[in-house]
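J.: The structure follows.
The values are calculated or read from the model by the stated rules, or taken from the named source; none is laboratory data. Values in this document were obtained by computation on a predicted structure and should not be read as measured data. Heads up, the Cβs are rebuilt from the backbone with ideal geometry, glycines too, and the neighbour counts pull from every protein chain shown.
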Amino acid sequence: MAAIASPAAWLDEAARVVLAGGVVALPFERLYGLAARATDARAVARSAAVKARDPAQPISAIVRDVAAVLEVASLFPPLAAELAARHWPGPLTLLVPGRGDLPAQLVGPRGLVGVRVPGASPALELVRRLGFALTATSANRAGGADALSHLDLLDLEGIDLVVPGAVPGPPGSTIVDASGERPLVVRTGVLNISIDS
């Protein structure tokens, strides 16, 4: 069973777990997600193992601000920068060319990585506290029900720390391929992005 963070000291506890290579479950804007160091292949693999996720399905990342995107992206195309300026911080994941040294489970078959600056949430507090990119994948078994409270996560194997709280529930972030000249909505989430955005 995962440990539950102290409500008064959760940020310190979560930071310690991530720095030690662990996996933290905590609230994002709409869903509980799994946060681990995104550039640590073992930590990313541990996040995927919690979900029993198909390795062919890449895990997204969150960063503290737009300037930190290049921690995971090899470049940030003009379209991506324009969308980020409009919608970050917030539930918009942008697919952009990934760095060549990223863990394989962060990069899709076309070499793209999903990245965003999350909206107001414990996830944003943690990534800003640590100052480096974290994983951002829903805290549930692949294909299973979304976790809406920390109580839904206590028996999920592989999580080192659970931050107490509750979330509104789905939909999660909208995913847009911003690697070309026009946006391509890959998954419609809580944020509506028109093709002309």
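J.: Would you be able to tell me the number of residues in region 70-91 that are under 24 Å from A15 (Cα atoms) and touching a strand residue (DSSP E or B) at 6+ places or on another chain (Cβ under 6 Å)?
T.: Number of matching residues: 2.
J.: Provide a single number: the residues in region 91-101 that are over 13 Å from the mean Cα position of the chain (by Cα) and either among the aliphatic types (A, V, I, L, M) or under 22 Å from L31 (Cβ atoms) (or both).
T.: Within region 91-101, residues that are over 13 Å from the mean Cα position of the chain (by Cα) and either among the aliphatic types (A, V, I, L, M) or under 22 Å from L31 (Cβ atoms) (or both) number 1.
J.: Here's something else I'd like to know. Identify, please: which residue in region 41-66 is out of contact with any Lys or Arg (no Cβ under 9 Å at 6 or more places or on another chain) and charged (D, E, K, R) and is, among those, modelled with the lowest pLDDT?
T.: Here the answer is D54.
J.: Exactly one condition in (1) at negative phi; (2) in contact (Cβ under 8 Å) with a residue 12 or more places away in the chain; (3) part of a loop (DSSP other than H, G, I, E, B) is false for A145; which is it?
T.: Among (1) at negative phi; (2) in contact (Cβ under 8 Å) with a residue 12 or more places away in the chain; (3) part of a loop (DSSP other than H, G, I, E, B), the lone unmet condition for A145 is (2).
J.: A further question on this structure: Does G98 satisfy being among the small types (G, A, S), farther than 18 Å from Q57 by Cβ and in contact (Cβ under 8 Å) with a residue 24 or more places away in the chain?
T.: no
J.: Take the residues in region 34-47 that are touching a Pro at 6+ places or on another chain (Cβ under 8 Å) and buried (at least 24 other Cβ atoms within 10 Å of the Cβ); name whichever of them is nearest to F132 (Cα to Cα).
T.: A38
J.: Mind checking which residues of region 131-150 are touching a strand residue (DSSP E or B) at 6+ places or on another chain (Cβ under 8 Å), more than 22 Å from L95 (Cβ to Cβ) and among the aliphatic types (A, V, I, L, M)?
T.: Selection gives A147, L148.
Residues checked against (1) of a type in the set (G, A, S); (2) more than 16 Å from the chain's Cα centre (by Cα):
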residue	(1), (2)
P109	no, yes
R116	no, no
S121	yes, no
R129	no, no
N140	no, no
S149	yes, yes
D160	no, yes
V167	no, no
S179	yes, yes
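J.: Pick from region 37-58 the residues that are charged (D, E, K, R) and assigned to a helix (DSSP H, G or I): which of them is farthest from L92 (Cα to Cα)?
T.: Of everything passing the filter in region 37-58, R42 is farthest from L92 (Cα to Cα).
J.: Checking the condition touching a Leu at 6+ places or on another chain (Cβ under 6 Å), within 24 Å of A14 (Cβ to Cβ) and modelled with pLDDT of 95 or more, which residue from P97, P122, P103 passes?
T.: Testing whether each residue is touching a Leu at 6+ places or on another chain (Cβ under 6 Å), within 24 Å of A14 (Cβ to Cβ) and modelled with pLDDT of 95 or more leaves just P122.
J.: Identify all residues within region 150-186 that are in a strand (DSSP E or B), touching a residue at least 24 places away in the same chain (Cβ under 8 Å) and either surrounded by fewer than 16 Cβ atoms within 10 Å (Cβ to Cβ) or among the β-branched types (V, I, T) (or both); write none if there are none.
T.: Matches in region 150-186: V162, A166, T174, I175, V176, V186.
J.: I would also like to ask the following. Within the set of pairs 6+ apart or on separate chains, which have a first residue in region 59-86 that is assigned to a loop (DSSP other than H, G, I, E, B), a second that is among the hydroxyl-bearing types (S, T, Y), and C-beta atoms under 8 Å apart?
T.: If the second residue must be among the hydroxyl-bearing types (S, T, Y), the pairs left are I59/S47; I59/T135; I59/T137; V72/T39; P77/S179.
J.: Still on this structure: Suppose we keep only residues that are more than 17 Å from the chain's Cα centre (by Cα) and of a type in the set (D, E, K, R) within region 57-90. Which one would you say is surrounded by the fewest Cβ atoms within 10 Å (Cβ to Cβ)?
T.: R86
J.: Hey, another quick one. Can you name the residue in region 91-142 that is among the aliphatic types (A, V, I, L, M) and part of a loop (DSSP other than H, G, I, E, B) and, of all such residues, is surrounded by the most Cβ atoms within 10 Å (Cβ to Cβ)?
T.: Within region 91-142, the match that is surrounded by the most Cβ atoms within 10 Å (Cβ to Cβ) is A139.
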